[in-house]
1. Report the dimensions of segment 49-178 along its three principal axes from the alpha-carbon atoms, largest first, rounded to Å.
2. What ranking of Lys401, Lys122 comes out by heavy-atom accessible area, probe 1.4 Å, highest first?
3. State, as an integer percentage, the relative contact order of the chain based on alpha-carbon contacts under 8 Å between residues 6 or more apart.
4. Show the residues, 5+ positions off or on another chain, whose built amide H is closer than 5 Å to the amide H of Leu627.
5. Just by accessible area at a 1.4 angstrom probe, what is the order of Ser618, Ser317 from largest to smallest?
6. Are there any trypsin sites (Lys or Arg not before Pro) in segment 219-256 that are in a DSSP loop and have at most 14 other Cβ atoms within 10 Å? List them by number.
7. What fraction, in whole percent, of alpha-carbon pairs in segment 133-209 exceed 20 Å separation?
8. For the pair Asp296 and Leu240, what calculated FRET efficiency results from E = 1/(1 + (r/R0)^6), where r is the Cβ-Cβ distance and R0 = 22 Å, to the nearest 0.05?
Amino acid sequence: MKNSKTAISSNIQIQDPFWSEYIRLVREVMVPYQWETLNDRVEGIEPSHAIRNFKIAANLESGDFYGMVFQDSDVAKWLEAAAYLLETHSDPALEEIADGVIDIIVKAQREDGYINTYFMLKEPGREWSNLAECHELYCAGHMIEAGVAYYRATGKRELLEVVSRFADYIDTVFGQESGKLHGYDGHQEIELALIKLYHATENGKYLELSRYFLEQRGTQPHYFEQEWEKRGGTVHFPHLSIAHDHRYSQSHLPVREQTTAEGHAVRLVYMCTAMADIAAETGDAVMLSACKKLWDNIVNKRMYITGGIGSMEQGESFTADYDLPGDLAYAETCASVGLIFFARRMLRLDRNSKYADVMERALYNTVISGISLDGTKFFYVNPLEVYPEVLGKNKNYNHVKAERQGWFTCACCPPNAARLLASLGEYIYTISNDTIYVELYIGGTTKGVVNGISVRIEQHSDYVSEGHVRFIITPETSGEFTLALRMPVWCEEAEVTVGSQSQTFYDGGDDGYIRLTREWHPGDTVDLLLSMPVKIMSSHPRVRQTFSKVALQRGPFVYCMEEADNGKRLYQLRLQDECEFSLGENKEFPVGVKTISVVGQRLKPEHEWDDELYHGNSRWILEDAELKFVPYFTWANRGVGEMSVWIEGNH
């Protein structure tokens, strides 16, 4: 059973006061910069060697493999991002470079269809011997996604044929049949990629292979332990016990029985994305139920206010319900990218704006926090509180950085963010039968077919600044259908004007959407004005790290304080009960993005503290202090300094 809900993805041209700059950065800065990095032409950062690995495997150069076991995936994600850019904008120079990379990959592919430069160059003959750790299926999945995206963008089949041959080969290796390996990937990715390959080729074998990998996970006897014993107990990552720590790879239970978000955060949301895909394609109600349970646990008990997930550095993992330390947060950029993938799929299955709300939260906060405003530096980890004085000294914070980095030894996040932003058009709308759902308010133009009518939609968005959006609806022929506008979770009042008729809404109904059902005519306009007050946010009382603290949010943006505006010792600051917020702008930030100022207080000792570390008769006073908050995604663009999302509130 194929689900009828689809995203509008082709021929979307984003023209948005906020997001157009990010698309420009991806096209003009990030993708070219990452290309130079993949070719080891950027000074001052560790060589990638990723392109050279493929050249060596293709016998175009001599040398040895260099890099992480999953180094191939950086090339695949770069190709995927390039494909999304080519889909929306002709770029002969970029296409020529991509074609050149694909030619190398074609030459590198083994005769049987296998392609993985680590095993081809460094451990030939040991393929599929360490699925738990060595990312063969993960790298295959990313290459499959690249092949599908490039075919869709250009119509060129070379990479699609490479990945189809690889998938065909994988299908001969894995399965329930006698003589095949009964294993599955240690890092989920192949499953969601195979669904894309199924859509591109209409070959049902790939759908079944995806379902096999999901259903095999967590079965007994445990495959990772079996292969560990077979290879004599050797491990690739000695600091982790991946073969035996089954929660780390979500292989502790069959996927349909999992109810809590466990283990490595990126792996979990990639797995959930594939589970939602399978539920949509097959009508598997039990799989859908498992998706809903995992979603609820992530979002309601294990997600940061910024949309970050994964609260522990060890294993880049989830921990326990309501355990959300801001200063020790991992909140990997890739994990929020994966959460957006999961949310997008859930919107197909379970019509509710709550999925788009989380998609927006992760996108506007953690994902773009992972990128500097000039597009050349990146965060792997996205903490909610930073005190530079302890970094490099307290080893518990070794994963936390006070400034973005040029690249990483494990460089998954920069190309992951690039491919998401390059494909951002896929996330704006969903069509379901006679309804066009607006999931994200991002300006641009697109076309789709709703209720049998071809419709052009122009969205003019001043969303991030003023909460105002205008739609111009142009059906090819007049006809009736529904335009469903998401009422964001942060909005308490929305004014909708269609032509000259206005109406005020205070909620979006049961599923969170304001529905406008009417006969539409070419040139009809809809104006949406969303109230956008500064909101004082609190966390669940069981989140001990933020108990009695508050955070500020305006529209989709979560805010933070920085030392650049507020001085040192941010933990001494307090927000008062009665607050009058004023909005401003910073010329260093994107146009229209607001800063927030408010009179608060600083808690100080009544007298100067002497050299004693502890004192029994200290008295404290509160002094008025002008507090300034900036959107979280902008932090660390003005030098190294303290940062905090949460502030003490007077309750």
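The values are calculated or read from the model by the stated rules, or taken from the named source; none is laboratory data. Note that this is a predicted model, so its numbers are computed, not measured. Note: ideal-geometry Cβ built from the backbone for every residue, glycine included; neighbour counts use all protein chains shown. Areas reflect the complete protein model, heavy atoms only, side chains present, ligands, DNA and RNA absent. Shrake-Rupley method; radii C 1.70, N 1.55, O 1.52, S 1.80 Å.
1. The principal-axis extents, from largest down, are 46, 36, 24 Å.
2. Working: Lys401 90, Lys122 120 Å².
Descending order: Lys122, Lys401.
3. Across the chain, relative contact order equals 13 percent.
4. Amide H to amide H, under 5 Å and 5 or more residues apart or across chains, Leu627 pairs with Val598, Val599, Gly600.
5. Largest accessible area first, the residues go Ser618, Ser317.
6. Working: sites: Lys230, Arg231, Arg247, Arg256; in loops: Arg231, Arg247.
Of the trypsin sites (Lys or Arg not before Pro), the ones in loops of segment 219-256 whose Cβ has at most 14 other Cβ atoms within 10 Å are Arg231.
7. Looking at segment 133-209, the distances longer than 20 Å represent 26 percent of pairs.
8. Computed FRET efficiency for Leu240 and Asp296 comes out at 0.20.
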